[in-house]
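The values are calculated or read from the model by the stated rules, or taken from the named source; none is laboratory data. Given the structure is predicted, the values throughout are model-derived calculations rather than measurements. All Cβ positions, glycine included, derive from the backbone under ideal geometry; neighbour counts span all protein chains shown. For the accessible areas, the whole protein counts, side chains as well, though only heavy atoms, and no ligand, DNA or RNA atoms are used. Shrake-Rupley method; radii C 1.70, N 1.55, O 1.52, S 1.80 Å.
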Amino acid sequence: MLGIKIVGDPFDGRTKIVELSQAGLPPAGFRGRPGRAPGPWNPAAKHTYLAVRAPCTSAGWIYEYAEADTTTEG
């Protein structure tokens, strides 16, 4: 288990705990909603983060903000 820093809206500054694969790679990305957190973003949107190598961090990886998906299904 390893903590990887999240960079960018709306989870900026948080840490995601992940398990590295046998190749030493974290999961490629994740999508989440900010819930009730205050902010200028759409709380219904799913925000996508992608794993990026970051040798300047102790984990060697960060999750970088990619986009918000504001489309609705149904």
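Brief remarks on what is shown
- Pairs meeting the criteria (first residue in the stretch 33-51 and under 29 Å from S21 (Cβ atoms), second residue at pLDDT below 75 and surrounded by 12 or more Cβ atoms within 10 Å (Cβ to Cβ), beta carbons under 9 Å, at least 6 apart or on different chains) are R33/P43; P34/W41; P34/P43; G35/P43; H47/W41.
- In the stretch 14-26, of all residues being more than 10 Å from the chain's Cα centre (by Cα) and not β-branched (V, I, T), the one that is least open to solvent (accessible area, probe 1.4 Å) corresponds to P26.
- A count restricted to the stretch 29-43 and to residues that are more than 12 Å from A66 (Cα to Cα) and open to solvent by 60 Å² or more (accessible area, probe 1.4 Å) stands at 6.
- Set T48, T57: member being modelled with pLDDT of 90 or more, among the β-branched types (V, I, T) and surrounded by 14 or more Cβ atoms within 10 Å (Cβ to Cβ): T48
- Selection of the stretch 27-57 for residues being more than 9 Å from the chain's Cα centre (by Cα) and of a type in the set (G, A, S) yields A28, G35, A37, G39, A44, A45, A54.
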